[in-house]
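Note sheet for the following structure.
The values are calculated or read from the model by the stated rules, or taken from the named source; none is laboratory data. Computed from a predicted structure; not experimentally measured. Here the Cβ positions follow ideal geometry from the backbone for every residue, glycine too, while neighbour counts run over all protein chains shown. With ligands, DNA and RNA removed, areas are computed over all heavy atoms of the protein, side chains included. Shrake-Rupley method; radii C 1.70, N 1.55, O 1.52, S 1.80 Å.
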Amino acid sequence: QVQLVESGGGLVQPGGSLTLSCAPSGRISGIVNMAWYRQAPGNEREFVARIAGGGHTDYKESVQGRFTISRNRAMDQVYLRMNTLKPEDTAVYYCNFKTPWGDYWGQGTQVTVSS
């Protein structure tokens, strides 16, 4: 079964930057939108950013202006550029592809923001 594979997480100091990447292990048809979610310890998974088929983007209010979602449509890859990171951004980040037949999720990549 096709899976999504995230990369790019790590430890960064407050104010730093990271770029997350996500790519499928195989071909996925009918992608409606691509998104990033995150889950901090003890919290539920929450929406972070989304890019729709037409290119429209949406962001969680607390990351607006700091995070940028982008994609490579030819390769079905999605990225999340995270600037001015804060300790409260610490979480496992997951990518998500939505299709008419269901959702695909990755295994997650850890982002830790700490001095």
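So the check is Cβ under 7 Å with 6+ separation or different chains; which pairs have a first residue in region 45-66 that's free of Cβ contacts under 8 Å to residues at least 12 places away in the same chain and a second one that's among the hydrophobic types (A, V, I, L, M, F, W, C)? Hits for this filter: Asp58/Ala49; Tyr59/Ala49; Tyr59/Phe67.
Return yes or no: is Val32 in contact with a Lys or Arg (Cβ under 7 Å, 6 or more places away or on another chain), of a type in the set (A, V, I, L, M) and surrounded by fewer than 15 Cβ atoms within 10 Å (Cβ to Cβ)? Against the criterion (in contact with a Lys or Arg (Cβ under 7 Å, 6 or more places away or on another chain), of a type in the set (A, V, I, L, M) and surrounded by fewer than 15 Cβ atoms within 10 Å (Cβ to Cβ)), Val32 qualifies. Of all residues in region 32-48, those satisfying the criterion of being in a loop (DSSP other than H, G, I, E, B) and either more than 21 Å from Arg73 (Cα to Cα) or in contact with a helix residue (DSSP H, G or I) (Cβ under 7 Å, 6 or more places away or on another chain) (or both) are Ala40, Pro41, Gly42, Asn43, Glu44, Arg45. Taking the conditions exactly as written (among the aliphatic types (A, V, I, L, M), surrounded by 12 or more Cβ atoms within 10 Å (Cβ to Cβ) and closer than 27 Å to Val2 by Cβ), does Val63 satisfy them or not? The answer is no for Val63.
Results for (1) open to solvent by 60 Å² or more (accessible area, probe 1.4 Å); (2) at pLDDT below 95; (3) not in a loop (DSSP other than H, G, I, E, B), shown as yes or no for each residue.
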position	(1), (2), (3)
Gln1	yes, yes, no
Ser21	no, no, yes
Gly26	no, yes, no
Ile69	no, no, yes
Ala74	yes, yes, yes
Arg81	yes, no, yes
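Within region 35-59, the set of residues being open to solvent by less than 60 Å² (accessible area, probe 1.4 Å) and at positive phi comprises just one member, Gly55. A count restricted to region 71-115 and to residues that are of a type in the set (Ser, Thr, Tyr) and either within 10 Å of the chain's Cα centre (by Cα) or within 20 Å of Gly42 (Cβ to Cβ) (or both) stands at 7.
Do you know which residues across region 58-70 are polar (S, T, N, Q) and within 12 Å of the chain's Cα centre (by Cα)?
Of all residues in region 58-70, those polar (S, T, N, Q) come to 62, 64, 68, 70.
Passing the criteria: Thr68, Ser70.
Checked against (1) in contact with a Ser or Thr (Cβ under 8 Å, 6 or more places away or on another chain); (2) in a strand (DSSP E or B); (3) open to solvent by less than 70 Å² (accessible area, probe 1.4 Å), Leu85 meets all criteria but (2).
Looking at Thr84, is it among the β-branched types (Val, Ile, Thr) and within 24 Å of Ser115 (Cα to Cα)? So Thr84 fits the description; yes.
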